[in-house]
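Notes for the one structure printed next.
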Amino acid sequence: MTVTATPDSEVKQSTEKNSSPAYEVSGLEKIYPGRNGDVIALKPLDLTIRQGEFLSIRGASGSGKSTLLMILGGMAHPSSGQVLFEGKDLYQMSTGERACYRAQSIGFVFQMFHLAPYLNILENTLLAYHKRWFCSDDGKTPVERAKGILTQLGLQHRLTHRPAALSAGERQRAAIARALFNRPKVILADEPTGNLDPDNARGVFEALQTFHQEGGTVALVTHGEMGADYATREIQLS
Ligand SMILES: Nc1ncnc2c1ncn2[C@@H]1O[C@H](COP(=O)(O)OP(=O)(O)O)[C@@H](O)[C@H]1O
Ligand SMILES: [Mg+2]
């Protein structure tokens, strides 16, 4: 398995070349030891993701896309190498500091949504609410803020529905609402449209695009062709 994220694999060039880096990744590698030998999940990778970029990460199944995103999300320790977020080494942080990074700086969107099945959509969005960190610059309560985001995503008529009562596209938009709740700097999305038809996929990409247009940074792992229309830069893991 060869992983390349060198400039010649950058299919599409970024327009945010002058902004400061959100992530600086160097020599990043992930190996899972196994009984029948090691599994190399991610071969050594250097990558810079600039603030305000919409980066699309592509590559065949098994090329390490999810592994990379999990490591960027502070959810999987690399075997070697370094991930700096705004100059701070994610894996030199204490567990508590890394939890703050996950809760405050990023929003993570999974292919399988990962909504709590026993909570309705409004309550699922409010899972991201932390009293200490909540800042409402527009005077809204947490519930009003959650309703506002869900309304922007076209879910105002679904607030009291549980995930099982929603379509896959609606579930994913609810997951995006939860990811947006804390005004993250970055959205990390791992094949968020993998289970959606093209119409619903478009709704998800448009929500990510709105976040990007408002200044957010996006790293999107995508299999299909559609995501490329929204990205400002594309890399390929092979
Ligand atoms: N927890 C794990 N233990 C062992 N191997 C793993 C584990 N997670 C992922 N892998 C392996 O690492 C490789 C990359 O996985 P992944 O990052 O999920 O790829 P992708 O998202 O590009 O399909 C795959 O060969 C996968 O089987
Ligand atoms: Mg994957």
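Per-structure values
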| quantity | calculated |
| --- | --- |
| Gyration tensor verdict on the stretch 174-221 (Cα atoms; rounded if a/c is under 1.5, prolate if a/b is larger than b/c, oblate otherwise) | prolate |
| Fluctuation leader among ALA174, ALA207, ALA60 - the chain, Gaussian network, Cα springs under 10 angstrom | ALA60 |
| Distant-in-sequence amide H partners of GLY107 (H built 1.01 Å from N, under 5 Å) | VAL186, ILE187, LEU188 |
| Long pairs among LYS65/LYS131; LYS88/LYS131; LYS43/LYS147; LYS140/LYS185; LYS43/LYS131; LYS65/LYS140, criterion Cα-Cα beyond 31 Å | LYS65/LYS131; LYS43/LYS147; LYS43/LYS131; LYS65/LYS140 |
| Residue exposure sequence - TYR230, TYR118 - by fewest surrounding Cβ within 10 Å | TYR118, TYR230 |
| GNM flexibility winner over the chain from ILE176, ILE106, ILE31 (Cα, springs under 10 Å) | ILE31 |
| Inter-part distance where the stretch 133-177 and the stretch 101-128 are each reduced to a Cα centre, Å | 10 Å |
| Karplus 3J(HN,Hα) series, Hz, for the stretch 160-171 with 6.51 cos²θ - 1.76 cosθ + 1.60 (x for Gly, Pro) | 9, 8, 7, x, 4, 8, 10, 6, 4, x, 5, 4 |
| Rg/Rh for the chain, where both radii come from Cα atoms and Rh is the Kirkwood radius | 0.96 |
| Separation of alpha-carbon centers, the stretch 18-81 and the stretch 198-238, rounded to whole Å | 18 Å |
| Amide H contacts under 5 Å for ALA41, placed H, 5+ residues apart | LYS30, ILE31, TYR32 |
| Per-residue ³J(HN,Hα) for the stretch 79-84, Karplus 6.51 cos²θ - 1.76 cosθ + 1.60, θ = phi - 60°, Hz, x for Gly and Pro | 6, 7, x, 9, 10, 9 |
| Shape call, the stretch 144-238: gyration tensor on alpha carbons, a/c limit 1.5 | oblate |
| Relative exposure of THR222, THR48, THR151, judged by other C-beta atoms within 10 Å (fewest first) | THR151, THR48, THR222 |
| For the stretch 196-208, Karplus couplings with θ = phi - 60° (6.51, -1.76, 1.60), whole Hz, Gly/Pro x | 10, 6, x, 5, 5, 4, 4, x, 5, 4, 5, 5, 5 |
| GNM top mover of ASN200, ASN120, ASN36 - the chain, alpha-carbon springs below 10 Å | ASN36 |
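Each reported figure results from applying straightforward, stated rules to the coordinates on display, with no laboratory input. Bear in mind that the values here come from a model prediction, so they are computed numbers and not experimental data. Don't worry about glycine lacking a Cβ; one is built from the backbone with ideal geometry, like all the others, and counts go over all protein chains shown.
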